[in-house]
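The values are calculated or read from the model by the stated rules, or taken from the named source; none is laboratory data. Keep in mind that this is a model prediction, so the values were computed, not measured. With ideal geometry, Cβ positions are generated from the backbone for all residues, glycine too; neighbour counts draw on all protein chains shown.
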Amino acid sequence: MSVTIREAAVDDAAVIWEFLEPFFADRLLLRRSEEEVQVLSKHGFVAFEADVCVGFAAVEIYSRKLAEIQCLAVAERFRNQGIGHELVGRCAMRARELGVMEVMAISSSERFLQSCGFDYALPDQKKALFYQLRPRE
């Protein structure tokens, strides 16, 4: 079977959330509610094999200057087939169409993101630091 990648539809939110739940449970992705996933899917792209979700990524637009790739996930048995690259590429294209200057991504998969064209934007390859204000759910 072949994998089809398309723009996410509002009706996909429950299926996407169900697909993402194991990634949330394993703390590979920041946990989101089904409602948050529905909002993200407005600028999201989904990969399906037949009627089974095997990948998802969304781009959240913060301003004309900055957007962020979020909830990038591909089912393990579908990795290394270009699906993640295609999802990231479509998110970047959506941001470009909306006039965004720069897209960022926060991930533990540094090499993967660099293979998609991401690079450090700050001098001396500084990394973002976060101050946690409340416990993660």
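Of note:
- Qualifying positions in the stretch 25-47 - surrounded by 18 or more Cβ atoms within 10 Å (Cβ to Cβ) and either among the β-branched types (V, I, T) or not in a loop (DSSP other than H, G, I, E, B) (or both): V37, Q38, L40, S41, H43, G44, F45, V46, A47
- Checked against (1) free of Cβ contacts under 8 Å to residues at least 24 places away in the same chain; (2) closer than 21 Å to S115 by Cβ, F78 passes all but condition (1).
- Taken over the stretch 100-128, the criterion of being modelled with pLDDT under 65 and closer than 26 Å to R64 by Cβ is satisfied by L122, P123, Q125, K126.
- So A92, is it within 15 Å of L113 (Cβ to Cβ), out of contact with any helix residue (DSSP H, G or I) (no Cβ under 8 Å at 6 or more places or on another chain) and surrounded by fewer than 22 Cβ atoms within 10 Å (Cβ to Cβ): yes
- Residue check, D119 within 14 Å of D12 (Cβ to Cβ) and either surrounded by fewer than 19 Cβ atoms within 10 Å (Cβ to Cβ) or of a type in the set (S, T, N, Q) (or both): no
- Enumeration of residues in the stretch 1-24 that are in contact with an Asp or Glu (Cβ under 6 Å, 6 or more places away or on another chain) and either aromatic (F, W, Y) or not in a loop (DSSP other than H, G, I, E, B) (or both): V3, I5, W17
- Complete set of residues in the stretch 67-98 that are of a type in the set (A, V, I, L, M), outside any helix (DSSP H, G or I) and over 10 Å from the mean Cα position of the chain (by Cα): A67, A75, L98
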